[in-house]
1. If the cut-off is a Cα-Cα distance under 12 Å, which aspartates and glutamates reach K12, setting aside same-chain residues fewer than 8 apart in sequence?
2. How much FRET efficiency would the formula 1/(1 + (r/R0)^6) give for Q296 and S272, where r is the Cβ-Cβ distance and R0 is 25 Å, rounded to 0.05?
3. Using the Cα centre of the chain as origin and beta-carbon charges of +1 (Lys, Arg) and -1 (Asp, Glu), tell me which of V86, V23, T158 is placed farthest towards the positive end of the dipole.
4. For K167, give me every one of the lysines with a C-alpha distance below 23 angstrom, ignoring sequence neighbours fewer than eight places off in its own chain.
5. On a C-alpha basis, how far is the centre of region 91-126 from the centre of region 173-230 in Å? Whole number, if you could?
6. FRET efficiency for N118 and T4, Cβ-Cβ distance as r, R0 = 30 Å, nearest 0.05?
7. With +1 on each Lys and Arg Cβ and -1 on each Asp and Glu Cβ, how big is the dipole of the chain about its Cα centre, in debye rounded to the nearest 20?
8. By the scheme Lys and Arg +1, Asp and Glu -1, what is the net charge of all other residues having a beta-carbon under 14 Å from that of V121?
Amino acid sequence: MKKTSLKDIAEKAGVSTALVSYVLNGKEKETRVGEAIAHKIREIAKEMNYQPNHLAKSLRSGKTHTIGLIIADISNPFFANIARVVEDEAKRNGYTVIIGSCDENADKSWDLLNVLINRQVDGFIIVSCEGSENQIHYLKERNIPFVLLDRHFPDIQTDFVATNNYKASYDAGIHLIKGGYTNIALMAYKSDMYHMEERIRGYKHALQDKQIEFQNSWLKEVQFESMDQEVKTAIDEILSLDHKVEALIFATYGLAINGLKYVNELRLKVPSDLAIVSFGQAEVFDLYYCPITYMQQPLEMLGKTAVEYLLKKLKNPDEGMKQILMEAKLIARDSSFAKSAWLK
């Protein structure tokens, strides 16, 4: 089937090819084309199923109007939803997004980065994984525009859009303490990533501010790769302590899902045997027999702002560096009911 050309549309509309080109490239105002003729040209293009030649356009402009989005773990609903927000916002601005998930693996992230650079994406939005600092330095050295999303490296000056993880974790701890819980554990990933360190720091400060002495045995750090087994071991350990842990904060959605499965296996009652607060919003938290209290990250704003910052950099390479922390909101549900409510 023959592809519709600008010339075909021009012939049908009874105008010049140049005029059709101006209208379909959104430049009709510059040539003072009447609204009626512009509308007619667009309608004919639609009827004839005209598909613009993006490759030729890219070669002329040096821009592909594509963004590379590298996320840490597509199986996490938080990242899946943020990818959708980025995609929708980019599309609204005339950009296509190519998405890759590195599964929290720096080698895979490096491969994705190279593939997307070879695809000549105009810029990147990246949810970094551990050990990927050299990739960020590489992008900076090559002057490839990028914005870090959700996670950043405090020692590397970059544009980033992230959640205030310290404050979110602090709020989770204070919420449980106000509910009458004193022996509170935190389960996190064993990681040097800044966002994870900040979640641990916030939790410890909440205890400190309420004169609760932190116990090393309350902090459980598990490896992402062997999460299934390590989560079970960690829960066994906190339940066998002399001063039994009454509440548990999960620092990520993945840890929460694995933890809740095991809590069910052990036939523990939430919150009377163990109160729960988790990071990361997901429908699963509504479906659990005892709806889970969670820290709601502003995913819509995070995704939209990351796209906005990147597009500003693409339009103006000298755009000043932008770094923003957004606040998470605690959504209190049955899993962290105040002790006084269920002791009656």
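Every read-out reported here was derived from the displayed coordinates using simple, explicitly stated rules and does not represent laboratory data. Fair warning: this is a prediction, and the values are worked out from it, not measured in the lab. FYI the Cβ positions are ideal-geometry reconstructions off the backbone, even for glycines, and counts take in every protein chain you see.
1. List returned: E43, E47.
2. 0.50
3. The residue sitting most towards the positive pole is V23.
4. Hits, sequence-local ones excluded: K178, K190, K204, K210, K220, K304, K322, K329.
5. That distance is 32 Å.
6. According to the calculation, E is roughly 0.50.
7. 1440 debye
8. With Lys, Arg at +1 and Asp, Glu at -1, the net is +2.
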